[in-house]
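Q: Got a structure here, written out as structure tokens. Questions coming.
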Amino acid sequence: MISEGHKKHTDLKKPAIGYFGRNEWAIVGALCVYIKALADKVIAALSSQYKCAYVDTSHNDEIIIAPGRIAYGAYLEYTDQINYQQFNYNSVSKPFGLRQRFSDADLVLVNGNHQQAKAQVVIIYENKRASLQKRLEQLTNVQLILLAENVNEPFDFIKETVPNWENIPLYRLEEVEKIIAFFRTKLEQARPLLNGLVLAGGKSQRMGFDKGAVNWFGKEQRYYMADMLKPLCNEVFISCREDQRQQIPVDYNVLTDTFTGLGPYGAILSAFREQPDTAWLVIACDLPLLDLGTIQYLIERRDVSKIATAFNSPDNEFPEPLITIWEPKSYPALLSFLSQGYSCPRKALINSDINLLQAPDPNALTNVNTPEELEKIKRVIHQKIASA
């Protein structure tokens, strides 16, 4: 028996995901052929900038023989079709699995005659009046109304059911450019906020003392980096171990590791656990030459359709994971890598779809891990100050 007030499970913050993805719309109220045609036009216009997905249900009423090896009892069949990849499943897709498969999508369009989504586009089409009236309980968040041919206003039952329907954008179905602009605007508005995360939870074993406490520019480096990020980010946090929390002044937000023993990887996951719908600009505290211009360069070239936006490391030609913008869609990807036994953020970047940039000043990515490197960078900084 569970006592009153006892919580059996941790109350985790859930991402704002609908039936399939974060940004999804069910198109409902017209023949399926019209819905598919509209989806085709929107996807064709937006797919160069965003990852677009489509959800439908087969319209064949006949019994269809299962494809390939599925017909012989295979659970899963994967085929590399060269121009595209094909998966056939012989199992019922559960909501959790569907969200996982669509986690990389920026836009999901759904045939609302067969599936639901957390937002809806309603087509007012006379021949589907009765069908639409049966689906009124699905119209929970109507964001666009489209008038088909020979229709001049929404049906009365739509006016009665949809709150403030007069304030919802209303176009004709043939006004394709306006419809595309609607979706483009919605995706721009859904651009995740950007938080800053200064990594200061390492044990600095090679250095012999806390690297985040080194005073390069008049204050400890972890605070110097946090102050640099504040004008560029929605919120800035210093990531640290639980035993370090009391050392951080109250003027700075602290985010302690909840994925312990994983180094920077755990710090990134801990940040997403706290705010799963936010993008995180993650910066290590051992980059004394990192300047405002380099960070701004990264932010200005951020690509929200990718898992992350990162710089190419000047040392090894691999992505530099600890000055990287990690998008919300990277959260499930990072958890998936972890489930396969990988906790290296660089390896996650190498094996994911990322936006890889060349740093305007490669020296800005120089990190300091040993006393010898510290003395070398001290001389570089002193020379810069003297030249200035």
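The values are calculated or read from the model by the stated rules, or taken from the named source; none is laboratory data. Keep in mind that what you see is a predicted model, and the values were worked out from it rather than measured. Using ideal geometry, Cβ is built from the backbone for each residue, glycine included, and neighbour counts are taken over all protein chains shown. In case anyone asks, the SASA skips ligands and DNA or RNA and just uses the protein heavy atoms, side chains included. Shrake-Rupley method; radii C 1.70, N 1.55, O 1.52, S 1.80 Å.
Q: Give, as residue ranges, the helices (runs of 4 or more DSSP H) completely inside the range 197-303 that count at least 3 residues that are at pLDDT 85 or above and open to solvent by 40 Å² or more (accessible area, probe 1.4 Å).
A: In the range 197-303, the matching helices (runs of 4 or more DSSP H) lie at 264-274, 292-300.
Q: Filter the range 222-252 down to the residues that are under 21 Å from the mean Cα position of the chain (by Cα) and of a type in the set (D, E, K, R) and list them by number.
A: Matches in the range 222-252: E235 only.
Q: Further question on the same structure: May I ask you to verify whether V92 is of a type in the set (V, I, T), in contact with a helix residue (DSSP H, G or I) (Cβ under 9 Å, 6 or more places away or on another chain) and either open to solvent by less than 80 Å² (accessible area, probe 1.4 Å) or modelled with pLDDT under 95 (or both)?
A: Numbers: of a type in the set (V, I, T): yes; in contact with a helix residue (DSSP H, G or I) (Cβ under 9 Å, 6 or more places away or on another chain): no; either open to solvent by less than 80 Å² (accessible area, probe 1.4 Å) or modelled with pLDDT under 95 (or both): yes.
Spelling it out, it is not the case that V92 is of a type in the set (V, I, T), in contact with a helix residue (DSSP H, G or I) (Cβ under 9 Å, 6 or more places away or on another chain) and either open to solvent by less than 80 Å² (accessible area, probe 1.4 Å) or modelled with pLDDT under 95 (or both).
Q: So G68 ticks every box in (1) open to solvent by 80 Å² or more (accessible area, probe 1.4 Å); (2) more than 23 Å from A105 (Cβ to Cβ) but one. Which box is left unticked?
A: (1)
Q: What number of residues within the range 132-141 satisfy the criterion of being touching a residue at least 24 places away in the same chain (Cβ under 8 Å) and open to solvent by 20 Å² or more (accessible area, probe 1.4 Å)?
A: Total satisfying the criteria: 4.
Q: Taking interchain pairs and intrachain pairs at least six residues apart, which have beta carbon atoms under 8 angstrom, with the first residue in the range 217-231 and free of Cβ contacts under 8 Å to residues at least 60 places away in the same chain and the second of a type in the set (S, T, N, Q)?
A: Listed pairs, sorted by first residue: none to list.
Q: Let me ask you something else. Please give the helices (runs of 4 or more DSSP H) falling wholly within the range 63-178 in which 2 or more residues are more than 30 Å from I307 (Cα to Cα) and of a type outside the set (A, V, I, L, M).
A: 129-133, 156-161
Q: Also, I was wondering about something else. In the range 304-324, what residues are modelled with pLDDT under 95 and not in a strand (DSSP E or B)?
A: S313, P314, D315, N316, E317, F318
Q: Could you give me the residue pairs with C-beta distances under 9 Å whose first residue belongs to the range 352-369 and is over 16 Å from P288 (Cα atoms) and at pLDDT 85 or above, whose second residue is β-branched (V, I, T) and assigned to a strand (DSSP E or B) wherever it lies, and which are 6+ apart or on separate chains?
A: Within 9 Å, the pairs are I354/T309; I354/T324; N355/T309; N355/I325; L356/T309; L357/T309.
Q: Please specify each residue of the range 320-343 satisfying the condition of being more than 14 Å from the chain's Cα centre (by Cα), among the polar types (S, T, N, Q) and closer than 21 Å to K14 by Cβ.
A: S336, S339 - these are the residues of the range 320-343 that are more than 14 Å from the chain's Cα centre (by Cα), among the polar types (S, T, N, Q) and closer than 21 Å to K14 by Cβ.
Q: Related question: Taking the range 149-176 as the region of interest, how many residues are of a type in the set (A, V, I, L, M, F, W, C), over 17 Å from W25 (Cβ atoms), at pLDDT 95 or above and surrounded by 14 or more Cβ atoms within 10 Å (Cβ to Cβ)?
A: Within the range 149-176, residues that are of a type in the set (A, V, I, L, M, F, W, C), over 17 Å from W25 (Cβ atoms), at pLDDT 95 or above and surrounded by 14 or more Cβ atoms within 10 Å (Cβ to Cβ) number 1.
Q: Would you point out which residue out of A105, A119, A71, A130 is in contact with a Lys or Arg (Cβ under 7 Å, 6 or more places away or on another chain) and among the small types (G, A, S)?
A: A105
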